[in-house]
1. Shielding by partners for A:77-88, please: the mean number of other protein chain Cβ atoms within 10 Å of each residue's Cβ.
2. Figure the gain on full extension for B:Ser272 and B:Asn73 (residue separation times 0.36 nm, minus the Cα-Cα span) and round it to one decimal in nm.
3. If you find the alpha carbon centre of the stretch B:249-298 and of the stretch B:36-110, how far apart are they in angstrom?
4. Extension gain B:Lys197-B:Thr108, at 0.36 nm per residue separation less the Cα-Cα distance, in nm?
5. Explain nothing, just compute: Karplus ³J(HN,Hα) = 6.51 cos²θ - 1.76 cosθ + 1.60, θ = phi - 60°, for every residue of the stretch A:2-15 in order, whole Hz, x for Gly and Pro.
6. At 7 Å along Cα-to-Cβ for each site, give me the label-to-label distance between A:Phe7 and A:Ile108 in nm.
7. Can you check what the net charge comes to around B:Thr239, using other residues whose Cβ is under 9 Å from the Cβ of B:Thr239 (Lys, Arg +1; Asp, Glu -1)?
8. If r is the Cβ-Cβ distance from B:Leu125 to B:Asn100 and R0 is 22 Å, what FRET efficiency results, to the nearest 0.05?
Amino acid sequence: MNRWLKFFLMILIGLALGMVYGWMVSPVEYLDTTPSTLRYDYRTDYVLMIAEIFDSSQDANQAVRQLAQLSSDPPVEIVIQSLAYGSQIGYASEDLVLIQNLATSLQIWQPDPGGLTP
Amino acid sequence: MTQEIRRIREDGNLPRKGYWYLLTGLVIGILFGLIISWVIAPVKYVDTVPSSLRSDFKNEFRSQIASAYYSTNNLARAKARLDLLGDPDPIQALTYQAQNLLDIGDPTNTAFLLAFLTSALKQNLGLSLEVPSPGTVPENTSLAPDNTNTASPTRITLTTTSGTPSKLPSNINTPTLRPSNTPSPTPGVPFILKSNKIVCDSPLRSLLLQVEVTNSANQPIPGTEILISWSGDEDRFFTGLKPEISDGYADYLMTPDVVYSIQLVKGGMVVSNLTAPSCSIEGGITNWGSINLVFQQP
């Protein structure tokens with residue numbers, strides 16, 4: 001067999017070995033993830049938590065600040081997406097109401113002129 | 001001999017440089033493979049779990065759980081959410097976070113919420129979930145999806161202890177906790193100072209201003225906010241953050257020769273002129289004691 005052919009064949013074998021090692025044996029590990037990478041059901045529960053807190057605090061600024069950790073999308077969109085997902089997977093009606101209330105409040109929410117304050 | 005080798009090489013029967021070129025190709029290939037798999041197209045974890053969150057986000061998550069619990073009083077849900085974080089000891093993690101917050105002045109005012117949840121968890125530590133009798137809950141009744149990497153939520157059984165609940169849609173038969181017996185102060189009744197002792201043989205550290213708060217039934221009350229002031233400055237701390245001592249216990253590290261006043265924020269008398277007691281002086285070194293105050297509702 002031609003030497004160059006063998007050479008490139010070994011490169012391909014090495015490439016395969018390297019990718020198997022990098023993707024399967026020792027893939028990149030994300031230990032310090034952010035809420036934005038959470039799986040959708042966890043994100044939805046996170047939104048539910050925010051809705052539960054909002055239900056008693058009625059602090060829209062706080063809710064917006066917390067929602068911002070999940071996504072850069074507009075807060076109301078995050079909540080509406082979670083509402084849809086919660087409905088899809090069978091959230092309790094009272095939980096859906098909480099999320100719905102948060103969505104409704106955020107639809108009329110206006111940010112503070114001075115920015116979000118903790 | 002040399003001519004013979006040269007002749008064989010020229011015939012192609014013996015590589016001029018052995019088989020190193022094969023190894024070189026393999027190494028190059030592996031390097032490219034690693035570059036592709038680690039740099040160019042690494043495995044992407046877009047569907048992560050809360051236990052993989054960075055520590056500060058875990059703290060935020062715990063605060064959210066505590067806040068949500070304070071709003072809903074749903075302890076089963078709070079416990080399930082805490083389990084998602086994968087802390088070996090959730091109570092300890094909550095306590096540690098609350099103490100850290102107090103150390104930095106509690107800028108987010110969540111130490112109380114964390115202490116509140118800690119106390120509730122501790123109170124319910126011995127309680128088991130009331131699992132509905134067979135037949136009322138079908139097999140694999142949903143409490144929450146499991147922890148697999150599937151996009152669609154799966155189910156876990158109520159009776160198993162393994163598996164981490166990941167989310168809590170509660171349209172299902174959520175386990176009902178037995179009523180909590182968390183001691184609480186009687187509304188409106190101010191606390192009185194039941195005792196004020198100097199402690200010189202404290203097994204704990206010296207220079208502590210120890211506060212114990214109990215209700216009229218002498219049960220310790222966690223989550224009681226205490227205001228301490230000195231020389232125009234003030235700080236706040238809470239009972240319940242050292243449950244290993246008592247749910248109604250809190251302490252504050254005093255500075256020698258500083259005069260403190262404290263008051264329970266919920267109401268009660270102001271105790272002033274508190275200063276670290278000197279228990280003994282040995283070789284010119286002062287052995288500082290602690291002060292133990294017990295507040296109780298009449």
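1. 1
2. Length difference between fully extended and current span is 68.0 nm.
3. Here the two parts' Cα centres lie 34 Å apart.
4. So the extension gain works out to 28.7 nm.
5. 4, 4, 5, 5, 4, 4, 5, 5, 5, 4, 5, 4, x, 4
6. About 7.5 nm, to one decimal.
7. Result for the neighbourhood of B:Thr239: -2.
8. 0.45
Quick note: the coordinates plus some simple rules give every number you see, no bench work behind them. In this text, all values refer to a predicted model and were calculated from it rather than measured experimentally. In this analysis, Cβ positions are derived from the backbone assuming ideal geometry, glycine residues included, and neighbour counts consider all displayed protein chains.
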